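Derivation of every value follows stated rules applied to the coordinates shown; laboratory data play no part. Every value quoted in this text rests on a predicted model; they were computed, and no experiment measured them. Note that each Cβ is placed from the backbone with ideal geometry, even for glycine, and that neighbours are counted across all protein chains shown.
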Amino acid sequence: MTESKVIHTDHSSNEVRRILSAYAERERTHKSKQGNPGRQRLLREQYDTLERILAWRFQHPLSQCKVLDVGCGHGGLLGWFHERGVKPENLYGVDLLPNRIKIARETFPAFTFLEGNAEQLAFPDDSFDLVSVFTVFSSILDVAMAKSVARNIERVLTSRGVVVWFDMRYPNPWNPAIRAMTKSRIRELFPSFELQLESSILLPPIAYRLGRLTDRAYPLLASIPIMRSHYIGLLRPSRESSPG
Ligand SMILES: C[S@@+](CC[C@H](N)C(=O)[O-])C[C@H]1O[C@@H](n2cnc3c(N)ncnc32)[C@H](O)[C@@H]1O
């Protein structure tokens, strides 16, 4: 995507309205890929990679961690953290979309879900050990909003905490409502963080078309670096900027 598609507005409420209407349109026209073998395969890769990265790079036991998922959608990622030992009372999600928050609350009644704009996170400073943000910044075209969401994430993160990142590194030519999150854009949003990211998952439009060939073709195609469409990993406050 070119920079000309990036929106600069004075009032984040304009961007909130744009995001709400982009998702309303998407939900009206989107065909579910739930049973698609390529989709299942890429989700498996995403979660297996996340598990490996956390085991390798995050030293704290998940059973003692407090987790916030920003742009949590239907809450599935928090369900995953719960299966890996995070206590229900330590799982929080926030999302702009009321219908997604409603489904999240019905699916995971023991977790806490807030409907609202992540520019105004209603939590004290230094509240969370992990803040996950999965395909959220690619949905925000307004640079001022993206920076203010990033500052809020930084504010609620403990000094030893990490941001858990997953987002697309390539633009989507079929969807002008999203923006590629390249490493340089991630650095602009989180200038005082160290990026520990790797490329992951096969380009979804290809994965979705593999059908019965998925088991054999997916690993082959996904082993080609340029075919991997997303970055996954951790953003860690760099030592110089974190107290102690
Ligand atoms: C592509 S969806 C991803 C949902 C979920 N993280 C996942 O991976 O399935 C992006 C989500 O970010 C939410 N979002 C975008 N901007 C937001 C903001 N400023 N505050 C809160 N949520 C936001 C949208 O409402 C949407 O549910």
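Taking L97, L220, L189 in turn, the Gaussian network model of the chain (Cα-Cα springs below 10 Å) assigns the largest fluctuation to L220.
Remark: relative contact order (the stretch 87-145) = 31 percent; criterion is Cα-Cα distance under 8 angstrom and separation of 6 or more residues. The calculated 222 nm mean residue ellipticity attributable to helices in the chain amounts to -11500 deg cm²/dmol, summing -39500 (n - 2.57) over DSSP H runs of n ≥ 4 and dividing by all residues. Taken about its Cα centre, the stretch 75-202 carries a charge dipole of about 260 debye when Lys and Arg each add +1 at the Cβ and Asp and Glu each add -1 at the Cβ. Cross-link partners for K147 among the lysines, with Cα-Cα distance under 19 Å and sequence neighbours closer than 8 places in the same chain left out: K5, K183.
Order by neighbour count: D167, D215, D69, fewest other Cβ atoms within 10 Å first, most last.
Ranking D167, D215, D69 by Cβ neighbours within 10 Å, fewest first, gives D215, D167, D69.
Beta bridges per DSSP, both residues in the chain: antiparallel share near 45 percent. With contacts taken as Cα pairs under 8 Å at a separation of at least 6 residues, the stretch 3-241 carries a relative contact order of 22 percent.
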